């Protein structure tokens, strides 16, 4: 099956004929990567202070753009829903918005501490970011200063918007996930269960579930739908490792919500079946901790990045 032509089917299975494409160009750890919404490009962020943009739609998957300006590692990158911009954050105390076509910096937004996570809303110009001092800032990309700032007593390590975008999810070093109501500027729900720092958050494609990754070596799936029962943790998934490197390992959902993914400190790419709650795939090839594993939005392909400075595109993973 050609990875440029294959599409997700309604009943996905694991393939036994996986092929891999190695992308090199970063000169330090690659901490984060994301496919563009239409799947034509892949952006990766590194400790070498650069963001590289790759043409996934071409046979060579060439690196065609470098975004430079951050003065420290890129801790997280996200695409805006229209695919026009890339949002990034860094320990250099900044969140930045880049023109994904021109490679130009459009806006720089300043925190007073290390910024660990950022996430743009789908339906508006709003961006959320969280930092080491427990500050959660809400930005309007058209305005220089935050339109709302909220404080948590603990460093914030992962943020995401809910489906309705009236609330945000924030994970931190207190091992909990807090749900903030932006209209009231207060926490309305706390999800407890993890025993270590939250390293990644990702809502499901339909917005009803939330996936969390933690240094306690588990992923958890939470029911975030209205009128959910008091016990919101639906599943606890294990098998991957957070090692001494203490990187903020991210997590992701497949486009149809059937699978979830995460990197592992033991150099493996890990994929779980949501229905069975079992790890069904371990992919080797990296030579250091795998920091993020993401699903392509349209093809049976995943991207993985590692502290070994390398990126792999692996196709025919699920079909």
* What Kirkwood hydrodynamic radius do you get for the chain when you take the inverse of the mean 1/r over all pairs of distinct Cα atoms, in Å? -> 19.2 Å
* Structure fact -> Over the Cα atoms of the range 211-319 the radius of gyration and the largest Cα-Cα distance (Dmax), both in Å, equal 13.8, 45
* Specify whether the C-alpha gyration tensor of the range 22-85 places it in the rounded, prolate or oblate class, a ≥ b ≥ c being the square roots of the eigenvalues: rounded for a/c under 1.5, otherwise prolate if a/b is larger than b/c and oblate if not. => oblate
* **R0 of 22 Å, Cβ-Cβ distance residue 64-residue 19: FRET efficiency to nearest 0.05** => 0.50
* **Two-decimal log10 I(q)/I(0) for the range 75-140, as the Debye equation yields it once each C-alpha is a single scatterer, q = 0.13, 0.16, 0.20 Å⁻¹** => -0.30, -0.45, -0.70
* Asked: How far, in nm, would the chain grow between residue 113 and residue 147 when pulled straight, counting 0.36 nm per residue and subtracting the alpha carbon separation?
  -> 10.5 nm
* Structure fact -> Where a ≥ b ≥ c are root eigenvalues of the Cα gyration tensor, a/c under 1.5 meaning rounded, otherwise prolate if a/b exceeds b/c and oblate otherwise, the range 191-240 counts as prolate
* Asked: Looking at the square roots a ≥ b ≥ c of the eigenvalues of the Cα gyration tensor of the range 105-191, which shape do they give, rounded for a/c under 1.5, prolate if a/b is larger than b/c, or oblate?
  -> oblate
* Structure fact -> Restricting to Cα pairs under 8 Å and 6 or more apart, the percent relative contact order of the chain works out to 16 percent
* Structure fact -> Quick note on 169, 93, ordering by fewest other C-beta atoms within 10 Å, gives 93, 169
* Label-point separation in nm, residue 140 to residue 123, each point 7 Å along Cα→Cβ -> 1.8 nm
* Can you sort 243, 32 so the residue with the fewest Cβ neighbours within 10 Å comes first? -> 243, 32
* Structure fact -> Simple spin-label estimate for residue 164/residue 133, 7 Å along Cα→Cβ, in nm, reads 3.2 nm
* Tell me, what is a quarter of the convex hull surface for the C-alpha atoms of the range 21-164, in nm² with one decimal? -> 8.4 nm²
* **Per-residue Cβ neighbour rank within 10 angstrom, fewest leading, 218, 276** => 276, 218
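No lab work stands behind these numbers, since they all come straight from the coordinates. Worth saying up front: this structure is predicted, and the values here are computed from it rather than measured. Every residue, glycine among them, receives a Cβ derived from its backbone with ideal geometry; neighbour counts consider all protein chains shown.
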